[in-house]
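Colleague: Encoded as structure tokens, here's the structure I'll be asking about.
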Amino acid sequence: MQQRIQRFNRILKLRENYRQTEQVTLAEEQREEDTVLRRLDSLGKEKLSAVDAFRGETERTVSLQDIWLQRQTIDVIEKHIDSGRENLSDVRRRIAGTEERLMEKHRDVRLMETYVDNLKVNAGITANEAEQVELDDIAVIRYGRTLIGASKR
């Protein structure tokens, strides 16, 4: 029985390691999501500055080429923002998949913990029953000796 418990404890440790790996993966993906969000925030601020600069050009004489270049700068920033949003969407999909796998791993670990605990309880019950049988045998032997000793007198 102890070998069986040890075998299932090893399986439990493996499942815990798999769960830990998924937790590490999830943490990395969440850090990546934070990085993308900070980058999008930065690009949003950069775009606002470029739009404000574009609007502020009414006070002085500006060539069409300058206006075109400023507009191109805004377009490039918007393309970066769109790319960042796609990247954010991909990261969030990966996070959702990792969270789902992590929940499955957690369920597996909980099931295995329950099974191992039940094995240990059953082993304890079996050991207690065996000990009780031994104690009963000893008590019967002693009782038998006292009866034999009393009958000889």
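The values are calculated or read from the model by the stated rules, or taken from the named source; none is laboratory data. This one's a predicted model, so the numbers in the text were calculated from it and none came from an experiment. All Cβ positions, glycine included, derive from the backbone under ideal geometry; neighbour counts span all protein chains shown. In case anyone asks, the SASA skips ligands and DNA or RNA and just uses the protein heavy atoms, side chains included. Shrake-Rupley method; radii C 1.70, N 1.55, O 1.52, S 1.80 Å.
Colleague: Would you check if R55 is modelled with pLDDT of 90 or more and either loosely packed, with under 13 Cβ neighbours inside 10 Å or in a helix (DSSP H, G or I) (or both)?
Modeller: So R55 fails the test.
Colleague: Looking at L64, L43, which one is without any contact (Cβ under 8 Å) to a residue 60 or more places away in the chain, aliphatic (A, V, I, L, M) and surrounded by 13 or more Cβ atoms within 10 Å (Cβ to Cβ)?
Modeller: Values: L64 fails: surrounded by 13 or more Cβ atoms within 10 Å (Cβ to Cβ).
Matching residue, one of L64, L43: L43.
Here is a yes/no grid of residues against (1) open to solvent by 90 Å² or more (accessible area, probe 1.4 Å); (2) assigned to a helix (DSSP H, G or I); (3) in contact (Cβ under 8 Å) with a residue 12 or more places away in the chain; (4) closer than 30 Å to E22 by Cα:
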residue: D75; (1), (2), (3), (4): no, yes, no, no
residue: V91; (1), (2), (3), (4): no, yes, yes, yes
residue: A96; (1), (2), (3), (4): no, yes, no, yes
residue: R107; (1), (2), (3), (4): yes, yes, no, yes
residue: E113; (1), (2), (3), (4): no, yes, yes, yes
residue: V116; (1), (2), (3), (4): no, yes, yes, yes
